[in-house]
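These notes are about the structure you will find just below.
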Amino acid sequence: MGHHEPSRRTILTALAAVAALPVGGFTLLAPQSLSMRARDLELITVSDQSVAVSWTTAAADPIGRWRPVEADTELALGPADSRKPLPVVHFDATPTAFHYVEVTGLEPGRRYRLEARSRGVRAVSGMTMRWWNDEQEHEFRTLTPPPGRLLRTIALANDLHFGEEVSGEIVAALPTGVRQEPGMDPYPEVMLDALLTDLREPDRNVDHLVLAGDLTNAGTPTESRNLRRRLDDWGNFGRDLLVCRGNHDRPRVGADWRSGRRLPGTQHHDCWGPHFLPRQRLFSYNLDGLRVIGLDTTDLDGSGGRIDAEQVSRLRSVLRDEPDQPTLVFGHHPVTRESGMTNLGGPGFVLNRHDAATLHQLYGRSPGVFLHHSGHTHRNRRTRPDTPIPVEFLEVSSIKEYPAGYSLLRLYEGGYMVTFQTTRTAAARRWSTRTRTQLFGLQPRYSLGSLADRNHVVRRDLSGVEQVSHPRKAAPAAHQCQHRGLRTAAQR
């Protein structure tokens, strides 16, 4: 994805051009300047014991452009079957235009009702045309966790595009994307720092981070080197941090990549590989009984996906040796036919049909494979496998633009829970709101995905995975609320 691959960006940015115009700059309006609206209400995360809600406050300026307006943050929440007025569980008078509230202490499997307000104005959803729009009902049901002990927590993320300067651009001749505000740090750095900071928070308590490709914008030496340094500060490569290559990280032709290793028989030079992993090489990791397999699904030229024969042979061998071992597979390109028919780039944007069929066959013979994580489409989406195999194919949205988050995969003895989380720094929330304008203003409808796609539970036998040996951290800092023992996480 990016200005090197118009196959998807042609659609993305042609629409984004129109969306960017009414938004204009991001100058804050004075609180009393125009009539304020609380809009874009979203139920970002629903877990077994928590909910995370976001919205923005804005007003239209004299020529119709929506501008952020700072206001207070208030959330009322209670059981949906109660006839009592909803109790206020969170109030913060600190002015902000980008509101985020996370409430913990909820009961698993129970339905709740909520109301978000700023300056007394009730927040409403901005997605009135979407059939799965849970925000319109202002209700949700918490998840019921799988049985057994919590074994470990893995963060699934992708599409950082480190080094990118314009989000949603086709080519340099069409500057229709979204740029960072003057004086702010480059947005890929803002979003990476927000991600890595979030994963170390006690309430996330992540044991491993899996990055499924497009780590850099163009795989240049500078991008690759600087990104690796930042990631090394977070954790140990190959244990805490697992990565695979995306099409943006692939070898290139040109002066900017000439210092990298030249691929035999080609004019392509690989600058990403020396800092991370060789091209078209499978890597298998054993994390205390959990097998994690990283695939390189990148083509040498183009945005579509493929897997070389040598890598397929290695995958077949690995799965055949221990077919029942609990296994998570990740690669940049989505696999299923449904993904090819529903993403904006079309069928040629995902893994080719031959290699996709091979993966389905191998997974069908390996009962331990339970989830395949991919990126590339910049959306949260579960798609049906092409054959009746009990494997979840999960696409996770981009970390570098709206909705600017990652999925937490919590493994229990009796299954797993997936919850989508947004990064929580003020700078990250501000940038995420700016990039809502992409896709002709349809970015939320395409990228956020349904509540069930991004938050769900699957029962599987994962008892072969060992519990993390280090002691888990204490509960997050929070203040006790007046009603039903609810807590709201401290604002970041």
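Can you tell me which condition Gly340 does not meet? The list is (1) free of Cβ contacts under 8 Å to residues at least 40 places away in the same chain; (2) part of a loop (DSSP other than H, G, I, E, B); (3) touching a helix residue (DSSP H, G or I) at 6+ places or on another chain (Cβ under 9 Å), and all the others hold.
(2)
Do you know which residues across the stretch 374-383 are outside any strand (DSSP E or B) and not β-branched (Val, Ile, Thr)?
Answer for the stretch 374-383, where residues must be outside any strand (DSSP E or B) and not β-branched (Val, Ile, Thr): Gly375, His376, His378, Arg379, Asn380.
Can you work out which of the residues in the stretch 438-464 that are over 23 Å from the mean Cα position of the chain (by Cα) and modelled with pLDDT under 95 is surrounded by the most Cβ atoms within 10 Å (Cβ to Cβ)?
Out of the qualifying residues, it is Gly464.
For the condition under 20 Å from the mean Cα position of the chain (by Cα) and open to solvent by 20 Å² or more (accessible area, probe 1.4 Å), what is the one hit in Arg316, Arg381, Arg353, Arg320? Break it down into steps so the answer makes sense when it comes.
Values: Arg316 fails: under 20 Å from the mean Cα position of the chain (by Cα); Arg353 fails: under 20 Å from the mean Cα position of the chain (by Cα); Arg320 fails: under 20 Å from the mean Cα position of the chain (by Cα).
Criteria check complete, one pass: Arg381.
Can you tell me which condition Ser366 does not meet? The list is (1) open to solvent by less than 10 Å² (accessible area, probe 1.4 Å); (2) in a strand (DSSP E or B), and all the others hold.
With respect to (1) open to solvent by less than 10 Å² (accessible area, probe 1.4 Å); (2) in a strand (DSSP E or B), Ser366 is out only on (2).
Residues that are in contact (Cβ under 8 Å) with a residue 60 or more places away in the chain: find the strands (runs of 3 or more DSSP E) completely inside the stretch 181-298 holding 2 or more of those.
Because the criterion is at least 2 residues that are in contact (Cβ under 8 Å) with a residue 60 or more places away in the chain, the strands (runs of 3 or more DSSP E) in the stretch 181-298 that meet it are 208-212, 241-244, 290-294.
Mind checking which residues of the stretch 97-117 are touching an Asp or Glu at 6+ places or on another chain (Cβ under 6 Å) and of a type outside the set (Lys, Arg)?
Scanning the stretch 97-117 gives Ala97, Pro108.
Do you know which of the residues in the stretch 277-313 that are small (Gly, Ala, Ser) and under 24 Å from His208 (Cα atoms) is surrounded by the fewest Cβ atoms within 10 Å (Cβ to Cβ)?
Filtering first and then ranking leaves Gly289.
Can you report the number of residues in the stretch 349-366 which are touching a Pro at 6+ places or on another chain (Cβ under 6 Å) and farther than 26 Å from Gly302 by Cα?
1
If you take the residues in the stretch 51-72 that are free of Cβ contacts under 8 Å to residues at least 60 places away in the same chain and in a strand (DSSP E or B), which one is most open to solvent (accessible area, probe 1.4 Å)?
Out of the qualifying residues, it is Trp66.
Could you please let me know if Thr144 is modelled with pLDDT under 95, open to solvent by 10 Å² or more (accessible area, probe 1.4 Å) and in a loop (DSSP other than H, G, I, E, B)?
no
Output the number of the condition that Arg262 fails; it satisfies all remaining conditions of (1) closer than 27 Å to Arg152 by Cα; (2) surrounded by fewer than 18 Cβ atoms within 10 Å (Cβ to Cβ).
Condition not satisfied by Arg262: (1).
Checking the conditions here, which among Leu371, Leu411, Leu394 is among the hydrophobic types (A, V, I, L, M, F, W, C), open to solvent by less than 10 Å² (accessible area, probe 1.4 Å) and either part of a helix (DSSP H, G or I) or farther than 17 Å from Asn158 by Cα (or both)?
On the way: Leu371 fails: either part of a helix (DSSP H, G or I) or farther than 17 Å from Asn158 by Cα (or both); Leu394 fails: either part of a helix (DSSP H, G or I) or farther than 17 Å from Asn158 by Cα (or both).
Selected residue: Leu411, the only one of Leu371, Leu411, Leu394 that is among the hydrophobic types (A, V, I, L, M, F, W, C), open to solvent by less than 10 Å² (accessible area, probe 1.4 Å) and either part of a helix (DSSP H, G or I) or farther than 17 Å from Asn158 by Cα (or both).
The values are calculated or read from the model by the stated rules, or taken from the named source; none is laboratory data. These figures come from a predicted structure and were not determined experimentally. All Cβ positions, glycine included, derive from the backbone under ideal geometry; neighbour counts span all protein chains shown. What goes into the accessible areas is simple: the full protein's heavy atoms, side chains included, and nothing from ligands, DNA or RNA. Shrake-Rupley method; radii C 1.70, N 1.55, O 1.52, S 1.80 Å.
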